[in-house]
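See structure below.
The values are calculated or read from the model by the stated rules, or taken from the named source; none is laboratory data. Computed from a predicted structure; not experimentally measured. Please note: Cβ atoms are built from the backbone with ideal geometry, for glycine as well, and neighbour counts cover all protein chains shown.
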């Protein structure tokens, strides 16, 4: 990842998943097959989070087909399977072995893989998960970029876990926002100049060099259940116009 990902400068925009049946006829032309959706999606957006990998790890042949349909300047993130995060809760040799298999399946993506998202369970606090996470990150395959999404408030206590894990294993955090992100605000931020470098000496322990940063604007779960896929489809339609 030191050479960077072949992307435009500034933030890239994408959605969480792309294979929603509700999008057929609203975002995807009805004549397209499901196998052609990702190629069409990549003509509109610059990135996608592969959310389905959380429920079922993909076969390497499927990932290779995805890679063949994508342009060079496109970014993907993939959610780590729940068998590792929710069921094994990051613990044991089985979790480490599953992460290796998952990384190998994603290899056809090459530099397009911006990160894999390690979404911790809401019930996994820093006291229980700190050493498990450090061990798992320490044994991950070389070159596998990992972003960790912490969901228990105890990880915000610096003496317990999160900054220590980030410094030791160089895994940046993922910020989640439980509100819709306004398109106008995002476009304005893309035009804004980069912030000036802070004064003073550099820290002795950098978290990561050229680490990816993620902002995941999500609606609250109750609102998502009420609106269903219809609102997702309308939102995608607004983005593509």
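Worth a mention:
- Pairs are defined by a Cβ separation below 6 Å, a sequence spacing of at least 6 or placement on different chains, a first member in the range 124-138 that is farther than 12 Å from residue 152 by Cα, and a second member that is at pLDDT 90 or above; the pairs so defined are 132/90; 132/91; 133/90; 136/90.
- The requirement of being touching a strand residue (DSSP E or B) at 6+ places or on another chain (Cβ under 7 Å), loosely packed, with under 14 Cβ neighbours inside 10 Å and at negative phi is satisfied by residue 30.
- Just one residue in the set 47, 105, 83 is touching a residue at least 12 places away in the same chain (Cβ under 8 Å), crowded, with 16+ Cβ neighbours inside 10 Å and in contact with a strand residue (DSSP E or B) (Cβ under 7 Å, 6 or more places away or on another chain); that residue is 47.
- Among the residues examined, residue 118 does not qualify as within 27 Å of residue 46 (Cα to Cα), surrounded by 20 or more Cβ atoms within 10 Å (Cβ to Cβ), touching a residue at least 60 places away in the same chain (Cβ under 8 Å) and touching a strand residue (DSSP E or B) at 6+ places or on another chain (Cβ under 7 Å).
- Residue 132 vs. criteria modelled with pLDDT under 95 and over 29 Å from residue 45 (Cα atoms): yes
- So residue 23, is it in contact with a helix residue (DSSP H, G or I) (Cβ under 7 Å, 6 or more places away or on another chain), surrounded by 18 or more Cβ atoms within 10 Å (Cβ to Cβ) and either touching a residue at least 60 places away in the same chain (Cβ under 8 Å) or more than 20 Å from residue 145 (Cβ to Cβ) (or both): yes
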